[in-house]
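A.B. asks: Here's a structure for you.
The values are calculated or read from the model by the stated rules, or taken from the named source; none is laboratory data. Since the structure is predicted, the reported quantities are computational estimates derived from the model, not experimental observations. With ideal geometry, Cβ positions are generated from the backbone for all residues, glycine too; neighbour counts draw on all protein chains shown. To get the accessible areas, we keep the full protein, side chains included, count just its heavy atoms, and leave off ligands, DNA and RNA. Shrake-Rupley method; radii C 1.70, N 1.55, O 1.52, S 1.80 Å.
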Amino acid sequence: GPAFLEEIRGQFVLHLKGTPYEMGLQHGRLFRQETAEDMTAYVDDFALKSGNTMESLMTMWKQAEPHVPQKFKDELRGLAEGAQLPLERVIAAHILPEKYHCSGYATWGKGTRDGKLYHYRSLDYGCHIGEKKRIQENACLILREPTGGVASAVVGWAGTIGCVSGMNAAVGPYT
């Protein structure tokens, strides 16, 4: 497909284009080893060693799944197929943020001395997830051009389809 992976000054940049399934497939194929490493780090080294089980992670997924848009399910399926990994493993890694994710706070008006808006956000991910390979070693910028959607730049890791930080080309609400 039209996807490609490059390295710029030691930083991976992954270019994806197509339907959600195609982008997942491209991602998995171009980042096969790194995706496998990150799934090991997220699932085995972090989730399972933190007291979770695959069964508990799949229970969380089953509760969330009715609310997950089909395009994300398609992209996860493509990612798993491209990386040659079981879909359940990829889903387990992607459901983790439901349990462990960002903290944030905002206050303004009477909640502050000067009435201004103050906001903070903490990613809350450990900096040392992974035993053999840390997820930070597979950090990448993902440039996405979805068919019929809004182009975006996402800061993330190999094997992840979500967005922790990024921006998009929309001049209004993101769809």
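A.B. asks: Is it the case that the stretch 16-23 has a residue that's among the hydroxyl-bearing types (Ser, Thr, Tyr), within 17 Å of the chain's Cα centre (by Cα) and within 18 Å of ILE135 (Cβ to Cβ)?
C.D. replies: no
A.B. asks: Another one. Within the stretch 1-54, can you find the residues that are in contact with a strand residue (DSSP E or B) (Cβ under 8 Å, 6 or more places away or on another chain), open to solvent by 70 Å² or more (accessible area, probe 1.4 Å) and assigned to a strand (DSSP E or B)?
C.D. replies: PHE4, GLU7, GLN11, LYS17
A.B. asks: Does the stretch 78-99 hold any residues that are in contact (Cβ under 8 Å) with a residue 40 or more places away in the chain, open to solvent by 60 Å² or more (accessible area, probe 1.4 Å) and not in a helix (DSSP H, G or I), and which are they? Spell out the reasoning first.
C.D. replies: So in the stretch 78-99, the residues in contact (Cβ under 8 Å) with a residue 40 or more places away in the chain come out as 78-85, 89-90, 92-94, 96-97, 99.
Those still in the list that are open to solvent by 60 Å² or more (accessible area, probe 1.4 Å) too: 81, 84, 99.
Answer for the stretch 78-99, where residues must be in contact (Cβ under 8 Å) with a residue 40 or more places away in the chain, open to solvent by 60 Å² or more (accessible area, probe 1.4 Å) and not in a helix (DSSP H, G or I): GLN84, LYS99.
A.B. asks: Looking for whichever is open to solvent by less than 70 Å² (accessible area, probe 1.4 Å) and without any contact (Cβ under 8 Å) to a residue 24 or more places away in the chain here; the options are GLY104, GLY148, GLY130. Which one fits?
C.D. replies: Working: GLY148 fails: open to solvent by less than 70 Å² (accessible area, probe 1.4 Å); GLY130 fails: without any contact (Cβ under 8 Å) to a residue 24 or more places away in the chain.
Selected residue: GLY104, the only one of GLY104, GLY148, GLY130 that is open to solvent by less than 70 Å² (accessible area, probe 1.4 Å) and without any contact (Cβ under 8 Å) to a residue 24 or more places away in the chain.
A.B. asks: Restricting attention to the stretch 106-165, and to residues there that are among the polar types (S, T, N, Q), modelled with pLDDT of 90 or more and closer than 23 Å to GLU75 by Cα, which single residue is nearest to the chain's Cα centre (by Cα)? Walk me through it before giving the result.
C.D. replies: We begin by selecting, within the stretch 106-165, every residue among the polar types (S, T, N, Q); these are 107, 112, 122, 136, 138, 147, 152, 160, 165.
Filter once more, so that each one left must be modelled with pLDDT of 90 or more: 107, 112, 138, 147, 152, 160.
In the following step, the residues that additionally are closer than 23 Å to GLU75 by Cα were identified as 138, 147, 152, 160.
On the way: ASN138: 12, THR147: 19, SER152: 13, THR160: 3 Å.
Selected residue: THR160.
A.B. asks: Another question, if that's okay. Scan the stretch 55-77 and report the pairs whose first residue is at pLDDT 95 or above and whose second residue is among the acidic types (Asp, Glu) and open to solvent by 40 Å² or more (accessible area, probe 1.4 Å), with Cβ atoms within less than 6 Å and a gap of 6+ or a chain change.
C.D. replies: These pairs meet every condition: MET60/GLU98.
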